[in-house]
Amino acid sequence: MAAVAAAKPASRRVGFVGAGRMAEAIAQGLIRAGKVEAQQVLASAPTDRNLCRFRALGCQTTHSNQEVLQGCSLVFFATKPHVLPAVLAEVAPVVTPEHILVSVAAGVSLSSLEELLPPNTRVLRVSPNLPCVVQEGAMVLARGRHARSGEVELLQTLLEACGQCEEVPEAQVDIHTGLSGSGVAFACVFSEALAEGAVKMGMPSGLAHRIAAQTLMGTARMLLQKGQHPALLRADVCTPGGTTIHGLHALEQGGLRAATMSAVEAATCRAKELSRK
């Protein structure tokens with residue numbers, strides 16, 4: 001395994017079974033960051049509808065899922081969750097001890113993946129979110145029983161091209177879905193509300209939305225770079241009797257904090273329900 005971990009990422013062939021938006025985002029991030037050469041990527045899908053975007057990146061494509069496994073030792077499974085069991089049954093005969101298999105499918109547990117694959121297969125789950133498309137994703141990964149630290153480190157090294165990736169216990173993957181997967185929509189609602197407040201006060205809509213988005217991005221970057229608790233940055237913006245504290249008071253009266261916590265809770269509970277189905 002040390003030899004695998006030490007191999008140069010650019011020399012590794014990476015496969016994608018399923019060629020949807022998230023698979024494309026991961027492939028694009030790996031290629032743009034120089035982690036993998038485009039011609040070393042092989043993607044499969046039933047039709048050319050999505051494969052054409054992989055070809056535009058310079059990747060190889062096929063309609064055979066087994067061909068991906070036969071040509072690549074590291075393979076991402078990015079199919080729809082309900083399709084994945086049939087796909088795993090199809091490729092299981094060509095899975096070898098050399099393979100590292102990574103599921104991006106939401107709601108399919110590591111134990112379910114391992115049951116559908118040969119004994120001792122090295123399996124990991126990755127939960128990405130939509131900003132992976134612009135290489136600013138927030139991802140978590142969980143390892144199966146037979147995956148070791150070398151596979152985790154390799155995967156993190158590759159996926160850092162798409163954003164932030166941290167290892168967590170599998171029990172926290174559904175929480176990540178509620179926080180970060182659904183959180184993209186929650187952040188969009190807040191960005192929209194910020195901009196509409198400015199429009200109400202007389203600012204042109206296009207300008208208001210651009211400034212709101214930039215404000216969220218800049219705030220997030222400060223939080224990540226400084227490693228501070230958000231309350232500390234919030235305190236830096238507040239001055240006694242100033243504009244910000246008056247605005248925060250209005251947000252507290254509207255129940256923003258409680259509503260946001262409830263939104264993450266509701267999304268997480270739904271993710272857990274789907275995982276049990």
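Descriptive notes on the structure:
- Highest mean first, the peptides 56-65, 98-107 sorted by other C-beta atoms within 10 Å per residue fall in the order 98-107, 56-65.
- Sequence-distant contacts, meaning Cα pairs under 8 Å at least 6 residues apart, place the relative contact order of the range 14-168 at 22 percent.
- For the chain: relative contact order, % (alpha-carbon pairs under 8 angstrom, 6 or more apart): 15
- Most to least packed among 114-124, 221-231 [average Cβ atoms within 10 Å]: 114-124, 221-231
- Percentage relative contact order, the range 176-275, counting C-alpha pairs under 8 Å, at least six apart: 43
- The chain: angle of helix 149-159 to the longest principal axis, Cα-based, in degrees nearest 10: 60
- Equivalent ellipsoid dimensions for the range 29-178 as semi-axes, Å, which come from the Cα gyration tensor, largest first: 21, 20, 15
- Fully extended contour minus Cα-Cα distance, from C52 to V168, at 0.36 nm per residue: 38.3 nm
- Mean-position separation - Cα centroids, the range 68-83 and the range 153-226, in angstrom: 28
- Normalised by residue number, the volume inside the convex hull of the Cα atoms of the range 176-275 is 119 Å³ per residue.
- Rounded to the nearest whole angstrom, the semi-axes of the ellipsoid equivalent to the chain, taken from the Cα gyration tensor as √(5λ), stand at 39, 20, 18, largest first.
- Quotient of the Cα radius of gyration of the range 26-115 and 2.2 N^0.38 Å, N being its number of residues: 1.08.
- Within straight-line cross-link reach of K80, lysines at Cα separation under 25 Å, skipping those fewer than 8 residues along the same chain: K272, K277
- With every protein chain in place and a 1.4 angstrom probe, the accessible-area ranking of L130, L113, largest first, reads L130, L113.
- In the chain, helices alone account for a calculated mean residue ellipticity at 222 nm of -15500 deg cm²/dmol, with every DSSP H run of four or more residues adding -39,500 (n - 2.57).
The values are calculated or read from the model by the stated rules, or taken from the named source; none is laboratory data. Predicted model, so just to flag it, every value in this text is computed and none were measured. Ideal geometry is used to build each Cβ from the backbone, glycine not excepted, and the neighbour counts take in all protein chains shown. These accessible areas exclude ligands, DNA and RNA; they are computed on the full protein's heavy atoms, side chains included. Shrake-Rupley method; radii C 1.70, N 1.55, O 1.52, S 1.80 Å.
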